[in-house]
Amino acid sequence: MKNLELAQQFERIASLLEIVGESPFKIRAYRRVARTLIELPEPVEEVARQGRLRELPGVGEAISSKIEEWLSTGKMGLLERLQQQVPEGLAELMEIPGIGARTAGLLYERLGVASLAELEAAARAGKVRQIKGMGARTEAAILEGIERFRKRAGRQPMPYLLAAGEALAAGIKGLAGVQAVNLAGSLRRAEEMATDVDLVVAGPRVEQTAEAVRAYLGAGVQEQAGPWPGTVRIRGKAPGGTPVDVWVVPLEAVASALFLATGPAAHVEAVTARLSERGWRWEAGRLACTREADRDPANPAWPQGEEEIYARAGLPWIAPELRWGLDEVDLAARGELPRRLVELSDIQGDLHVHTVASDGVAPPEAMVEGARDRGLSYLAITDHSPSLTVARGLSAERLAAHAARIRGLSHTLGFPVLAGSEVDIRPDGTLDYPDEVLAGLDWVVASIHSHFRLDAEATTRRLVAACEHPLVHALGHPSGRLLGRRDPYAVDLEAVLRRAAETGTAVEINATPDRLDLNADWARRARAMGVKFVIGTDAHSPAQLAFMGYGVLVARRAGLCPGDVLNTGDIDALRRYALRRRA
């Protein structure tokens, strides 16, 4: 979790620099390194130990020294100096959509506002609209933004908590008296945002196991009785500060505890109702038969696995990712849930990666070797188009030379590599390269990277135009959101997805940890419309190819099967799809 903590330090530096009027280039540099750290799939302290910090995107000598300073002391001199310059709480105002450094400074100068509470009070009193250039609409938008900010407070993207949860589970598994550790709760369900890590921990003697967990979590733990007698529930914080909720149960109770702790409550209630209809009830974690004629001395009994719980309810086992708390139990009863969800092992290629040609940190050869090392059988290299100057997008001339180099790798490395591009969709819906350039590429991802504040009608037209372009193969990160940092742009996503289905344009599930875009809810709806998907990592280094697993979790939560995802097919099937788009 040091990656996330350190990223937050750099984000704070960027916000404070913006308030004091520092150069936009320097501000962008700190924001870029924050994103690099957020997306880094390995511990930053390990990268530093190996002397590889300068290999990370956006990390030069000055920033690497700040990282090392923070890792060794827990502090950063630059941040401390900036915090002395800027009133405490002022940077937090910039977390509200529409409030940038200039507006935050103006609110402080004119109204003395230096915290969210003061901003809310000023807006509710009608004082914000009195500042020239703001008005009643701005005031209302600020109040709405504060409400959204509070709703997401304490929530983190699933990949970050998943990394913390897996590290915590590994640590607890090595404790004396612990024989089983399982992730539960929202992480096991692969929900995109979560507040804590839920674990089911089991051992032969509950009190001994609980004592080991208490000691591991350290000071500040809270303990209460578990879900039934003889069990314990411990709440505390993992190393790094992640909130943790641990169910400690005997070994024989693992299946029951895992089912109940995975939730959500509506799903547990629906399954429990079906159990009741079939003559079963929960009795201190066991299943007891309520039918007099069918009782036997062995009842009540511990379920031997979750499959037994669902079978007693007359249901097939429902994968954790499909436990939505909606209609999944009824769908399962009718045999209408997917029988085989996509798995990471199904993915044969990655169709969205960047290299040093634009804003990546590795040459194409290293990205190919990284893909090969991960068991992939092909790769599409999709560096940025020229409009994205901050990412050093390629001119048509640079792209031609780059594409020739990429195609040469297929022969020299004996690994199929597609020459592609992530092409910007301009505000008017046209693409960032002329058709004759696009026609020379093997794979085209069309994405929005600018003009996020257009109205819904304009943004919808923009994305629909990309779907209708015969040289576009996939829409990249179609809602434009950054989890916890930027809301999706205003768009009629249903209209866009319907047009994608009609034109045969694939829609990306972008596996970058702070995107996970398209999200699972929309992907589920898109599947019902007949949309085909690709899962892409948007990797900027070989290590980031590991993000594919997060995209697969989103796809599973959406109920996607292997046949719904184009890059589960081999390279020949993918090329046939690409040719059909151009027919």
(message) Can you confirm whether Arg49 is surrounded by fewer than 19 Cβ atoms within 10 Å (Cβ to Cβ) and either at pLDDT 90 or above or of a type in the set (Phe, Trp, Tyr) (or both)?
(response) yes
(message) Of the residues Arg374, Arg398, only one is within 26 Å of Gly58 (Cβ to Cβ), in contact with a helix residue (DSSP H, G or I) (Cβ under 6 Å, 6 or more places away or on another chain), open to solvent by 10 Å² or more (accessible area, probe 1.4 Å) and not β-branched (Val, Ile, Thr); which?
(response) Arg374
(message) For Arg576, only one of the following conditions fails: (1) in contact (Cβ under 8 Å) with a residue 24 or more places away in the chain; (2) in a helix (DSSP H, G or I); (3) over 27 Å from Val361 (Cβ atoms). What is its number?
(response) (1)
(message) I'm checking my understanding of the structure. Among residues of segment 305-317 that are touching a residue at least 40 places away in the same chain (Cβ under 8 Å) and not in a helix (DSSP H, G or I), which one is farthest from Leu258 (Cα to Cα)?
(response) Gly314
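Results for (1) modelled with pLDDT under 85; (2) closer than 29 Å to Leu187 by Cα; (3) surrounded by 18 or more Cβ atoms within 10 Å (Cβ to Cβ); (4) in contact with a strand residue (DSSP E or B) (Cβ under 8 Å, 6 or more places away or on another chain), shown as yes or no for each residue.
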position: Gly58; (1), (2), (3), (4): yes, no, yes, no
position: Gln130; (1), (2), (3), (4): no, no, no, no
position: Met134; (1), (2), (3), (4): no, no, yes, no
position: Thr138; (1), (2), (3), (4): no, no, no, no
position: Arg148; (1), (2), (3), (4): yes, yes, no, no
(request) Test Arg137 against the criterion of being assigned to a helix (DSSP H, G or I), in contact with a Ser or Thr (Cβ under 9 Å, 6 or more places away or on another chain), farther than 30 Å from Arg49 by Cα and not β-branched (Val, Ile, Thr), and give yes or no. (result) no
(message) With the structure loaded, tell me whether Leu82 is open to solvent by less than 20 Å² (accessible area, probe 1.4 Å) and under 12 Å from Arg12 (Cβ atoms) or whether it fails that test.
(response) yes
(request) Among the residues of segment 318-365, count how many are part of a loop (DSSP other than H, G, I, E, B) and under 19 Å from Arg398 (Cα atoms). (result) 10
(request) Looking only at segment 25-46, count how many residues are open to solvent by less than 80 Å² (accessible area, probe 1.4 Å), modelled with pLDDT under 90, farther than 17 Å from Val361 by Cβ and part of a helix (DSSP H, G or I). (result) 1
(message) So Ile146 passes all but one of these: (1) under 20 Å from Arg515 (Cα atoms); (2) in a helix (DSSP H, G or I). Which condition number does it fail?
(response) (1)
(message) The conditions are (1) buried (at least 20 other Cβ atoms within 10 Å of the Cβ); (2) in a loop (DSSP other than H, G, I, E, B); (3) in contact with a Lys or Arg (Cβ under 9 Å, 6 or more places away or on another chain), and Pro478 fails exactly one of them. Which is it?
(response) (3)
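The values are calculated or read from the model by the stated rules, or taken from the named source; none is laboratory data. The model shown is predicted, which means the values in this text are computed figures rather than measured ones. FYI the Cβ positions are ideal-geometry reconstructions off the backbone, even for glycines, and counts take in every protein chain you see. SASA here: full protein model, heavy atoms, side chains in, ligands and nucleic acids out. Shrake-Rupley method; radii C 1.70, N 1.55, O 1.52, S 1.80 Å.
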